[in-house]
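Structure first, then comments.
Any read-out appearing in this document is the output of simple, stated calculations on the displayed coordinates, not a laboratory observation. Just so you know, these numbers come straight off a predicted model, no measurement behind them. Note: ideal-geometry Cβ built from the backbone for every residue, glycine included; neighbour counts use all protein chains shown.
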Amino acid sequence: MCAVNGSRKAAEIRKLVLDMIFHAGSGHIGGSLSAAEILVSLYYGTMRVDPTNPTWPERDRFILSKGHSVEVYYAVLADLGFFPREELDTFCQFGSRLIGHTNTKVPGVEHNTGSLGHGLSVGMGMALGAKRAHSLSRVFVLMGDGELTEGSVWEAAMAAAHYKLDNLTAIIDRNGLQISGPTENVMQLEPLADKWRAFGWHVTEVSGHDFDELVAALNAEKLGKPHLVLAKTTKGKGISFIENQAHWHHGVPSEEQYLQAKAELEAQWEEASGVGAGIRSN
Ligand SMILES: [Mg+2]
């Protein structure tokens, strides 16, 4: 066991995300920034994984169902040592395995995603398989709120409750925006927590930028039902001019914007280095 400063780690991950997207000239920046604390809480404070043995059979599984937000995922995997950190410089370059959506050529990635609405079905199958194999592996699936308009999400939700998959945790990055605008304008989701409860899930509502709340929820034992962690977040979190702007779903900062963003994230890293909260890591 070791402790990691969650706020400082999230700032480091955001800096890697910014660099990847700026240098590639491409990327989904808003949804990657909103999920930084969620990914840090999962990989540094919850999941049992071994970067030196990515296919360890008893590992916990993670599926990034919102597969376009791949930058934050690659940054965490590289930071943990699943592949060399320098490889992040090849993001979205010709010949690189770090392509713009999640794919299993990358060590640590369990499933190809990007076509939205499929991750929970796959995770549900993994969780059912683990149950039947009497494995202690847990399965975590991170979805965007925009992808909840896909009907396959709700088929999986229904099946997971039917099979009482208490080894399955779904997380919703509830930032309220999707590529085409506010989620409630595109397709009303609320009352979202009640809908998941009605489908037979335990539901825990947290701030998606609060490590204490996230780590407690992700590690909670919820017997007899699958668990949904509804994480309220800010799209573009951490960079002032990107926060809460739907048009930054996909976008590349100009050089001037890049320098400003870098300075903001550096300041957050320095502040966190002094007073950042510690979270425990397996
Ligand atoms: Mg969203």
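Numbers at a glance
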{"item": "Of the DSSP H helices in the chain, those whose Cα atoms cover at least 18 Å axially and whose Kyte score averages 0.5 or more", "result": "119-132"}
{"item": "Exposure rule at most 13 other beta-carbon atoms within 10 Å, DSSP loop GluC sites (Glu not before Pro): the chain longest free segment", "result": "59-220"}
{"item": "Added length on full extension, which subtracts the Cα-Cα distance from 0.36 nm per residue, S254 to E87", "result": "57.8 nm"}
{"item": "Residue order, fewest to most surrounding Cβ atoms within 10 angstrom, among W269, W56", "result": "W56, W269"}
{"item": "Those lysines that a straight Cα-Cα span of less than 28 Å connects to K232, excepting residues fewer than 8 apart in one chain", "result": "K9, K15, K66, K164, K195, K222, K262"}
{"item": "Footprinting exposure proxy for Y43, Y258 (fewest neighbouring C-beta atoms within 10 Å first)", "result": "Y258, Y43"}
{"item": "Gaussian network model of the chain, springs between alpha carbon atoms under 10 Å - residue of Y163, Y44, Y73 with greatest fluctuation", "result": "Y163"}
{"item": "Point-charge dipole on Cβ atoms (K/R +1, D/E -1) for the chain, about Cα centre, debye to 20", "result": "960 debye"}
{"item": "CD proxy at 222 nm, helix term only [per DSSP H run n ≥ 4: -39500 (n - 2.57); per residue of the chain; nearest 500]", "result": "-12000 deg cm²/dmol"}
{"item": "FRET efficiency estimate (nearest 0.05) - Cβ-Cβ, S152 to D50, R0 30 angstrom", "result": "0.45"}
{"item": "Which of W154, W196 has the fewest Cβ neighbours within 10 Å, and the rest in rising order", "result": "W154, W196"}
{"item": "Taking the convex hull of Cα positions in the chain, its mean projected area over all directions (nm²)", "result": "13.5 nm²"}
{"item": "For the range 210-249, alpha-carbon Rg over 2.2 N^0.38 Å", "result": "1.62"}
{"item": "Calculated FRET value between E58 and L80, using beta carbons and R₀ = 22 Å, to 0.05", "result": "0.80"}
{"item": "Amide H partners (placed H, <5 Å) of K225, local residues excluded", "result": "D166"}
{"item": "Loop-resident sites, the range 98-160, for trypsin sites (Lys or Arg not before Pro), counting at most 12 other Cβ within 10 Å (DSSP)", "result": "K105"}
